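Shown next, in structure tokens, is the structure this report addresses.
Every number in this text was worked out from the coordinates using simple rules, so none of it is lab data. Just so it is clear, the model here is predicted, and its values are computed rather than measured. Here the Cβ positions follow ideal geometry from the backbone for every residue, glycine too, while neighbour counts run over all protein chains shown.
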Ligand SMILES: Cc1cc2nc3c(=O)[nH]c(=O)nc-3n(C[C@H](O)[C@H](O)[C@H](O)COP(=O)(O)OP(=O)(O)OC[C@H]3O[C@@H](n4cnc5c(N)ncnc54)[C@H](O)[C@@H]3O)c2cc1C
């Protein structure tokens, strides 16, 4: 069932000329390797992840790190969108109290709290997302967070993409009605 | 159930759903760096290039041993002309090292430098997945795929230009602050010099003769003071402190509090300065009560105390006297409050140890030992050190001269510092103090030196400036000194644009080092002031008026006064309320972005559709299989 959901991945497969592709992770008898998205702040966690590499410490290669000024910029539906596309787990590696932007970390924390409520209500496993503060030299914390998320995802298995997409649509609709209410 | 993906499918293959920018025909050039093996020893870079060539929108993909070299950068400029590349992706080390290098190459090729993306294949791939070359190669392909996806959505951006306020604010009126102020004034620039005490001069005030020239410190201070105080370009504010700073390069809003009101009353004033020079200096380490018997025994003093004693000692006496007692023998103890070792020394009140070398104490100790031996030849002088660091030009002579002058040296190991204790003996033979030392020069012999006076060669501790560190987020190191961007390449700049470091606020320095740092900071500030405008990076929020419906949600999220507000705009023939960003005040945090249902407000360079394109790039079915 889960496998089927994945091979149905719409929007993605069509972008890539199928004849040239080999699909390592998607092959029938390959073990499940989750995909982890790390949203790492440019001031703290991204250089923190660099520090892990500089120290030649290793973690799984299934970890994809994207640089962000502050993850406070992501709406709830963005995370749901990532899951709907086949990302299995998301680590938000923020600056915490070192955040250079006023109030941004507090807003982010509130947004993630709200997101987790939605996930619970909608039946999506909240273990798929972690919010943490990683400083520029927090090598151990980074490794620990990544390995704990990997463990959680191994237990959960692949994300239910259709469910995530449905919650994404709902979330966007909610944002819209909140804005209408606000404007009124 | 309806297909949840309905409406999300791309209209044309190869386009990121929802991304308007991708409509444009992007021709992406991908350049993969071997980093001399740092990347290619783990990642199969040829395979990454091969996979990249199959990614939508990629016009060419090449591998080079050092992309940052001139020939590497030339690949980019050539392809812009020859292949018509209009987006560039370099996959190499961390963007913090060479992103700006490659943006420069893109600009030299005649493109807008923001049509560039960077993939980190070294710090976050080859170095972190050394034992998983297959996994690292797959990850590298996906990171390149993400960068290509983002690059295809890149829009040309222009740097933001704002007027540059050509006034420098110098915090701290020691020799560093005075020197920086004087040099800037010499360029015809206006300076406000803020000093917290009632006089300019800092720690050099009353120091007496200073090494290596043995000039009177007052001479150096007076020269600089004259330049600052009599200068029409420099406004000196004594008894004043900077209270807070906000803003950015070219436009810092500074609030100063000080006793410059009528009749010396406390008052505050504010001004706009284009650059800040931090010259707030240091204070000598104050030993804890009981540390080497400091503050518990009157015969134990710090170096600054001793300099005072020596200066105020009446001339013509055969021996230095302390509280009526002639000093027949004395010991100088190095590294007090410097080079502290975990487990040996007790951390200060903030829980930290001063593990650094304070650099000036060794030479100062030798200088004073020579002075004592010359002035009071009957006084025995002992020097207890772990290493003699007379590192500067002309200072090694002090070591030689001290030896010739009869100073007796004892060398201890840092793990076993000397112990100062109350003396023994009877009558005139009794000394008030004794120093026990395990001397490695005599193969670890345990010695006990009876002395009348112990001088602690105390190190340097940076002055606390929380009002500056907190308000503009100045980076400090583990040692609490302010931290430069790069110790070699950018030694007087900090990561906050427009803020420069001068002198011992940054690290222990002697007078020469302090003055050269201050001169460098002044020149850097003057160079910034050479431009009418300051250019800021364009990563700020922008409203797409074709999407904005004026809900005003974004404004509720903004923490920065005046950065984002609702204004009346004319759309068609009617006036409507719409959000508007002030790019000079927006910091680009994106808190506003998350709440817009239309996605009408976005942070340039970090748009949500670009993040979604990156996710698509990561999860895409890329060609990672074996040959
Ligand atoms: C005992 C001793 C002997 C020395 N002897 C020698 C020598 O012989 N030769 C030599 O080359 N070097 C010597 N040095 C080193 C020399 O003192 C320093 O290199 C020099 O003083 C550094 O100058 P500065 O301007 O960086 O700092 P400072 O002299 O510390 O000046 C900093 C100034 O900033 C002010 N300030 C602090 N905070 C604020 C604030 N928030 N707002 C406004 N103002 C503020 C302070 O009041 C002070 O006036 C010696 C140092 C010591 C401790």
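The label-point distance for residue B:288 and residue B:215, in a model that sets each label 7 Å from Cα toward Cβ, rounds to 4.1 nm. Peptide B:604-614 has a mean shielding of 3, counted as Cβ atoms of other protein chains within 10 Å of each residue's Cβ. Mean sequence separation of contacting Cα pairs (under 8 Å, at least six apart), scaled by the length of chain B, corresponds to a relative contact order of 14 percent. Each peptide in B:561-567, A:86-92 receives the mean, over its residues, of other Cβ atoms within 10 Å, and ordering these scores from highest gives A:86-92, B:561-567. Against the main long axis of the alpha-carbon atoms of chain B, helix B:70-82 sits at an angle near 20°.
For the pair residue B:158 and residue B:226, a Förster radius of 51 Å applied to the C-beta separation gives a FRET efficiency near 0.65, rounded to the nearest 0.05.
Among B:506-519, A:70-83, sorting by the average number of other beta carbon atoms lying within 10 angstrom of each residue, highest first, gives A:70-83, B:506-519. Spin-label pair residue B:378-residue B:346: with each label point 7 Å from Cα along the Cα-Cβ axis, the two points sit 3.8 nm from one another. Here the ratio of the Cα radius of gyration of segment B:540-603 to 2.2 N^0.38 Å is 1.02. The P(r) of segment A:8-183 has a tail past 27 Å containing 31 percent of all C-alpha pairs. Ratio of Rg to Rh for segment B:286-459: 0.94 [Cα atoms; Kirkwood radius as inverse mean 1/r over pairs]. Relative to a virtual label point 7 Å from the Cα of residue B:131 in the Cα→beta-carbon direction, which members of segment A:38-73 show backbone nitrogen distances below 12 Å? Hits in segment A:38-73 for residue B:131 at 12 Å: A:57-60. Expressed to the nearest 5 percent, the antiparallel share of DSSP beta bridges inside segment B:249-374 is 90 percent. Sorting B:292, B:96 by the number of Cβ atoms found within 10 Å of their own Cβ, with the fewest placed first, yields B:96, B:292.
When every Cα-Cα distance of segment B:159-301 is counted in 10 angstrom steps from zero, the calculated P(r) takes the values 11, 33, 29, 17, 8, 1, 0 percent. Note on segment B:182-248: the C-alpha convex hull projects to 5.9 nm² when averaged across all orientations.
Computed over every Cα-Cα pair of segment B:7-158 and binned at 5 Å starting from 0, the pair-distance distribution P(r) comes out as 2, 11, 20, 23, 20, 13, 8, 3, 0, 0 percent.
Estimated at 0.36 nm per residue, the fully extended path between residue B:311 and residue B:415 surpasses their Cα-Cα distance by 34.0 nm. Would you please state the base-10 log of I(q)/I(0) at q = 0.05, 0.11, 0.12 1/Å for chain B, with intensities from the Debye formula using one equal scatterer on every alpha carbon? Treating every Cα as an identical point scatterer, log10 I(q)/I(0) equals -0.35, -1.11, -1.20.
Rounded, prolate or oblate for segment A:67-148? Axes are the square roots of the Cα gyration tensor eigenvalues, ordered a ≥ b ≥ c, and the cut-off for rounded is a/c under 1.5. Oblate shape, in that a/c is at least 1.5 and b/c is the bigger or equal ratio. Normalised by residue number, the volume inside the convex hull of the Cα atoms of segment B:407-462 is 114 Å³ per residue. Shown for B:438, A:35: other C-beta atoms within 10 Å of each C-beta, ranked fewest to most, produce the order B:438, A:35.
If R0 is 25 Å, the Cβ-Cβ spacing of residue A:113 and residue B:577 corresponds to a FRET efficiency of close to 0.25. Each label was represented as a point 7 Å from its Cα along the Cα-to-Cβ direction; for residue B:569 and residue B:467 these points are 4.1 nm apart.
Secondary structure note: in the protein assembly as shown, about 45% of the DSSP beta bridges are antiparallel. Put in line by how crowded their Cβ is, counting other Cβ atoms within 10 Å and starting with the fewest, B:233, B:486, A:43 read B:486, B:233, A:43.
Per-residue packing, averaged as other Cβ atoms within 10 Å, sorts the ranges B:401-410, A:93-102 into the order A:93-102, B:401-410, beginning with the highest. Full extension of the chain between residue B:296 and residue B:544 yields a length gain of 82.2 nm, computed as 0.36 nm times the residue separation minus the alpha carbon distance. Taking the alpha carbon gyration tensor of segment B:500-598, multiplying each eigenvalue by 5 and rooting it gives semi-axes of 44, 16, 9 Å, largest first.
For helix B:133-152, what angle does its Cα long axis make with the longest principal axis of chain B, in degrees from 0 to 90 and rounded to 10? Taking the Cα atoms of chain B, the angle to B:133-152 is about 70 degrees. For peptide A:40-53, the mean count of partner chain Cβ atoms within 10 Å of a residue's Cβ comes to 4.
Relative to the dominant Cα principal axis of chain B, helix B:303-312 is inclined by about 40°. Calculated [222 nm] ellipticity per residue, helices only, for chain B: -7500 deg cm²/dmol; basis is -39500 (n - 2.57) per DSSP H run with n ≥ 4, divided by all residues, nearest 500. Each listed q (0.06, 0.07, 0.08 Å⁻¹) maps to a log10 I(q)/I(0) for the protein assembly as shown from the Debye sum over equal C-alpha point scatterers, namely -0.51, -0.66, -0.82.
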